[in-house]
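For reference, the structure is listed below as structure tokens.
The values are calculated or read from the model by the stated rules, or taken from the named source; none is laboratory data. Keep in mind the model is a prediction, meaning the values are calculated, not measured. Every residue, glycine as well, gets a Cβ built from its backbone with ideal geometry; the counts of neighbours run over all protein chains shown. We work out accessible area using only protein heavy atoms, side chains counted, and drop any ligands, DNA or RNA first. Shrake-Rupley method; radii C 1.70, N 1.55, O 1.52, S 1.80 Å.
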Amino acid sequence: MTESQRRRRRRGRSRRRRQLRRALLACLVVGSLLLLTGGWVGFRGWQARAHLLNAAGLARELSAQVVGGDTARAQRTLAALQEQAGKARSATGDPGWWLGRHTPYAGDNLAAVRQISVTVDDLARRVFPLLLRTDLASLVPAGGRLDVARLRTVSAELTTVNAAVQGTRSGLATVPTDGLVSQVRQALADLRGEIDRLAGLTAAADQATRLLPSLLGAAGPRTYLVVSQNPAELRATGGMIGAYAVIHVDDGRVRMGRQGTSSALGRFQPPLKVPTEVRHLWADLPGIYPADVNLTPHFPTAAALYREMFRRRTGTTVDGVLAVDPVVLSYLLKATGPVMVPGGVPLTAEKVVQTVLGDSYQRMDNEGQDAFFAASAAAVFDALVTKKYDPKGLLSAFDRAVTERRILFWSARPEEQRTIGDSRMAGVLPEKDTVPTVGVFLNDGSGAKLGYYLRQAATLTVGDCRTDGRRELRLRVTLRSSAPKSGLSKSVLGLGLAGDPYTARTLVSVYSPAGGTVLTTRLDGVETAVGSGTERRRQVTTANVEVSPGGSRTLEVTVLTAKTGVGTAELWLTPTATPWTTQVVSAPSCDQ
């Protein structure tokens with residue numbers, strides 16, 4: 001080897017040693033940075049977690065205070081919420097966190113926590129302040145009139161609020177869930193649930209205030225039917241329509257007109273035209289009897305039939321139909337305070353359901369009870385338009401009643417009905433599901449008023465994912481009767497179609513999710529004969545469930561969803577005199 005070759009070899013070894021040292025130094029620097037960044041991100045993550053937990057608790061408090069009308073406390077809670085949410089956003093927004101979001105494994109989780117922090121902070125700074133500034137007092141009557149001009153101002157404010165909430169909701173929906181650890185995934189799911197609930201409320205309020213001026217006669221007089229659903233004799237939307245009242249509105253001024261009962265409208269022969277699917281399920285009954293129009297849970301069908309029956313008997317064409325029940329009256333009485341019904345009967349929030357659905361039947365026949373129900377509704381209506389009360393208490397009552405589907409409204413004007421859409425108040429049985437929804441609808445089969453004594457429970461369990469993208473849902477419905485074995489009046493026992501007049505016969509209709517099917521039906525563990533059909537892209541199975549006093553029966557139904565990847569489901573239930581006991585058992589999403 002020549003000297004020149006030896007020098008070239010030494011220079012090569014020296015160059016490789018320098019490269020190795022630089023590589024080791026780089027690894028050391030990067031490793032140190034990663035260790036430091038990891039420690040810093042861990043510390044900031046601990047801070048963010050504490051602030052987010054505080055913010056979550058404050059947000060729940062603030063929501064209750066806004067609905068309850070405690071403005072002073074709400075302002076203080078808002079200030080604390082903004083502080084905690086801002087600190088969470090700051091803790092997840094520094095360069096160390098940004099670097100962590102772009103690393104493998106932990107990056108998706110850190111990005112999700114960042115988005116959660118931003119969302120909570122946006123709510124605290126952009127949404128809740130607007131809600132607190134909105135003058136909700138203009139949404140209730142004063143001196144028998146609602147200020148239509150002020151309603152339009154509130155409508156503009158609520159449109160801004162709703163746009164902010166919907167934007168926040170959309171941003172949160174883009175956060176991917178694949179690869180998230182369980183704690184972050186659950187936090188994201190919880191926040192999405194809360195935002196969905198808030199978005200539903202603000203969308204409904206925005207929608208209502210945009211519609212109210214025209215509904216209240218801003219462009220000319222309107223006439224509506226207010227019908228009283230009686231859950232003592234169950235129907236799918238809540239109860240048999242026993243009584244009605246005509247409401248006249250003109251430029252925000254509201255007054256009550258004639259009142260009457262469904263029985264006075266009589267039978268209709270030939271029957272009114274009933275949608276084909278409904279007729280296959282219930283024959284022509286909804287087109288013959290005003291009390292049977294709501295055998296279907298789809299309120300627009302029931303309302304349109306009742307409106308036409310009323311027109312044929314009275315010659316009056318109304319602009320829409322509003323349905324309420326005695327439980328709604330109890331919520332409203334919490335806001336207005338007690339009222340007196342003609343005859344000296346007091347109605348209080350605590351006792352009105354018992355008075356109207358229990359006590360009155362023991363001392364009145366059906367006609368007298370329907371008239372008493374109508375008088376009770378009229379007394380509460382008069383209090384609403386004449387008495388002074390806390391507007392937020394009234395709005396809270398309406399919110400609860402709408403959430404429970406105890407207030408339903410249908411407009412005969414197609415453009416208004418389209419605006420109402422498929423909101424809860426519309427009572428529309430949707431033909432598509434965002435989340436797989438199982439309906440459980442109750443119709444009395446006894447010809448009696450024993451629904452007041454029923455106690456209901458429902459559990460829906462999400463099953464395993466199938467290879468075709470569908471999921472089984474297992475439904476368990478239990479009906480229990482608290483009726484006595486003797487001592488009830490003839491008006492309560494009615495026709496006694498179950499044989500024993502004290503046995504409650506209930507036709508339980510289970511509706512599959514949209515695009516789904518019903519697989520099996522068992523009553524007390526034994527396969528049972530059922531009626532079947534379809535309505536609005538949902539398969540329907542109807543079982544006859546008879547419950548004697550003190551007894552209980554359990555109906556188990558397995559249904560299949562359409563293709564879905566979600567791990568949760570929802571129940572849509574007939575509103576009853578006593579609230580349902582419910583549980584939905586979720587499962588992991590199919591893509592996890």
Quick one: would you say Arg192 is basic (Lys, Arg), at pLDDT below 80 and either within 27 Å of Trp410 (Cβ to Cβ) or within 23 Å of the chain's Cα centre (by Cα) (or both)?
yes
Among residues belonging to segment 445-458 that are in a strand (DSSP E or B) and open to solvent by less than 10 Å² (accessible area, probe 1.4 Å), point out the one that is nearest to Ala498 (Cα to Cα).
Leu454
Could you check, for segment 322-335, whether at least one of its residues is surrounded by fewer than 22 Cβ atoms within 10 Å (Cβ to Cβ) and in a loop (DSSP other than H, G, I, E, B)?
no
In the list Leu285, Leu201, which residue meets the criterion of being modelled with pLDDT of 95 or more and out of contact with any strand residue (DSSP E or B) (no Cβ under 9 Å at 6 or more places or on another chain)?
Leu285
Going by the structure shown, is Ala529 modelled with pLDDT under 95 and either farther than 19 Å from His298 by Cα or not in a loop (DSSP other than H, G, I, E, B) (or both)?
yes
Test: residue in segment 515-529 that is open to solvent by less than 30 Å² (accessible area, probe 1.4 Å), of a type outside the set (S, T, N, Q) and under 15 Å from Thr576 (Cα atoms)
no
Could you look through segment 537-568, keep only residues that are within 24 Å of the chain's Cα centre (by Cα), more than 23 Å from Trp282 (Cα to Cα) and assigned to a loop (DSSP other than H, G, I, E, B), and pick out the one that is modelled with the highest pLDDT?
Thr561
Lone qualifier among Leu272, Leu265 - being more than 30 Å from Asp390 (Cβ to Cβ), touching a Lys or Arg at 6+ places or on another chain (Cβ under 8 Å), open to solvent by less than 20 Å² (accessible area, probe 1.4 Å) and without any contact (Cβ under 8 Å) to a residue 60 or more places away in the chain
Leu265
Scan (1) at pLDDT 80 or above; (2) out of contact with any helix residue (DSSP H, G or I) (no Cβ under 8 Å at 6 or more places or on another chain) for the single condition Pro213 breaks and write down its number.
(2)
Residue ID - surrounded by the most Cβ atoms within 10 Å (Cβ to Cβ), chosen from residues in segment 402-439 that are among the small types (Gly, Ala, Ser) and part of a strand (DSSP E or B):
Ser411
Those residues of segment 385-434 which are farther than 29 Å from Gly143 by Cβ and of a type in the set (A, V, I, L, M, F, W, C), in sequence order:
Ala426, Val428, Leu429
Subset of segment 307-364 [within 23 Å of Leu265 (Cβ to Cβ) and β-branched (Val, Ile, Thr)]:
Thr314, Thr316, Thr317, Val318, Val321, Val324, Val328, Val356
So Phe299 ticks every box in (1) touching a residue at least 40 places away in the same chain (Cβ under 8 Å); (2) more than 29 Å from Ser396 (Cα to Cα); (3) of a type outside the set (Ser, Thr, Tyr) but one. Which box is left unticked?
(2)
Check whether at least one residue in segment 391-401 is at pLDDT 85 or above and not in a helix (DSSP H, G or I), and report yes or no.
no
When you check Leu225 against the structure, is it modelled with pLDDT of 85 or more, touching a strand residue (DSSP E or B) at 6+ places or on another chain (Cβ under 7 Å), assigned to a loop (DSSP other than H, G, I, E, B) and under 24 Å from Leu329 (Cα atoms), yes or no?
no
Any hit, segment 277-287, residues being assigned to a strand (DSSP E or B) and out of contact with any helix residue (DSSP H, G or I) (no Cβ under 9 Å at 6 or more places or on another chain):
no
Could you please let me know if Ala208 is within 24 Å of the chain's Cα centre (by Cα) and either β-branched (Val, Ile, Thr) or open to solvent by less than 50 Å² (accessible area, probe 1.4 Å) (or both)?
yes
Go through segment 211-231 residue by residue and tally those that are open to solvent by less than 20 Å² (accessible area, probe 1.4 Å) and under 24 Å from Pro579 (Cβ atoms).
5
Residue selected from segment 232-253 under the condition within 21 Å of the chain's Cα centre (by Cα) and of a type outside the set (Gly, Ala, Ser), by the criterion surrounded by the fewest Cβ atoms within 10 Å (Cβ to Cβ):
Arg235
Between a residue in segment 362-376 that is under 14 Å from Met240 (Cα atoms) and any residue that is open to solvent by less than 30 Å² (accessible area, probe 1.4 Å) and among the aliphatic types (A, V, I, L, M), which pairs come within a Cβ distance under 7 Å, given they are 6 or more apart or on different chains?
Asp370/Ala243; Phe373/Ala243; Phe373/Val356; Ala374/Ala243; Ala374/Ala245
The condition of being in contact (Cβ under 8 Å) with a residue 40 or more places away in the chain and not β-branched (Val, Ile, Thr) holds, among Leu523, Leu479, only for Leu479
Options Arg307, Arg267; residue that is modelled with pLDDT of 95 or more, closer than 27 Å to Gly533 by Cβ and part of a helix (DSSP H, G or I):
Arg307
For segment 288-308, what are the residues that are in contact with a helix residue (DSSP H, G or I) (Cβ under 9 Å, 6 or more places away or on another chain) and more than 20 Å from Gln417 (Cα to Cα)?
Tyr289, Pro290, Ala291, Asp292, Leu295
So Leu571, is it under 21 Å from the mean Cα position of the chain (by Cα) and in a strand (DSSP E or B):
yes
Identify the single condition in (1) in contact (Cβ under 8 Å) with a residue 60 or more places away in the chain; (2) in a helix (DSSP H, G or I); (3) buried (at least 19 other Cβ atoms within 10 Å of the Cβ) that Leu442 does not satisfy, given that it satisfies every other one.
(2)
Could you tell me whether Val584 is closer than 28 Å to Tyr331 by Cβ, surrounded by fewer than 20 Cβ atoms within 10 Å (Cβ to Cβ), modelled with pLDDT of 95 or more and out of contact with any Lys or Arg (no Cβ under 6 Å at 6 or more places or on another chain)?
yes
Checked segment 481-500 for anything modelled with pLDDT of 95 or more and buried (at least 17 other Cβ atoms within 10 Å of the Cβ); matches are Ser481, Ala483
